[in-house]
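Undergrad: Let me begin by handing over the structure; questions about it come next.
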Amino acid sequence: MTPVTQSRLSGMQYIILLLVLATGLIHLWKGISGGPDFMFLANGVGYLVLGAAAYLPIAALANLRTLAKWALLAFTLITIIGWVLIGERSLIGYIAKAIEVVLVILLIGDLRRK
């Protein structure tokens, strides 16, 4: 039996994808600018991979979608906690954390819909 793929994303899920893309690109940019920084590069890639696994219509990942959403939520929370403990207090840092706080709220809402 072929797993069912999600055919249409809700408005909230599109916003989640945009926020994941935004924070992922911010982290990739921080990882490239000023010399390579593995932590930022890995974080950016992590956001993009988890976001794709959770929301893009990839048939092979259909059965893992809920797990990927929980992983994305945990990943985002860990990123926020890490920034609070050791993060750079800069405008881009505050922007990324604001995006991530909204992302957490929307992910919780999306997970509760099921």
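The values are calculated or read from the model by the stated rules, or taken from the named source; none is laboratory data. What you see is a predicted model, and the numbers here were worked out from it, not measured in a lab. Backbone-built Cβ (ideal geometry, glycine too); neighbour counts: all protein chains shown.
Undergrad: Let me confirm something: among MET12, MET39, which residue is of a type outside the set (Asp, Glu), in a helix (DSSP H, G or I), surrounded by 12 or more Cβ atoms within 10 Å (Cβ to Cβ) and in contact (Cβ under 8 Å) with a residue 24 or more places away in the chain?
TA: MET12
Undergrad: Now a separate question. Is it the case, given these coordinates, that ALA22 is in contact (Cβ under 8 Å) with a residue 60 or more places away in the chain and under 21 Å from ASP110 (Cβ atoms)?
TA: Judged against the criteria, ALA22 is a match.
Undergrad: Related question: Only one residue in LEU17, LEU61 is assigned to a helix (DSSP H, G or I) and modelled with pLDDT of 95 or more, so which one is that?
TA: Only one candidate passes the filter, namely LEU17.
Undergrad: I'd like to verify a number: residues in the stretch 42-58 that are in a helix (DSSP H, G or I) and in contact (Cβ under 8 Å) with a residue 12 or more places away in the chain, how many?
TA: So the answer is 11.
Undergrad: For residues that are outside any loop (DSSP other than H, G, I, E, B), without any contact (Cβ under 8 Å) to a residue 24 or more places away in the chain and not hydroxyl-bearing (Ser, Thr, Tyr), tally how many sit in the stretch 72-114.
TA: Of the residues in that region, 15 qualify.
Undergrad: Look at LEU50 and say whether it is within 15 Å of ILE99 (Cα to Cα) and surrounded by 16 or more Cβ atoms within 10 Å (Cβ to Cβ).
TA: No, not satisfied.
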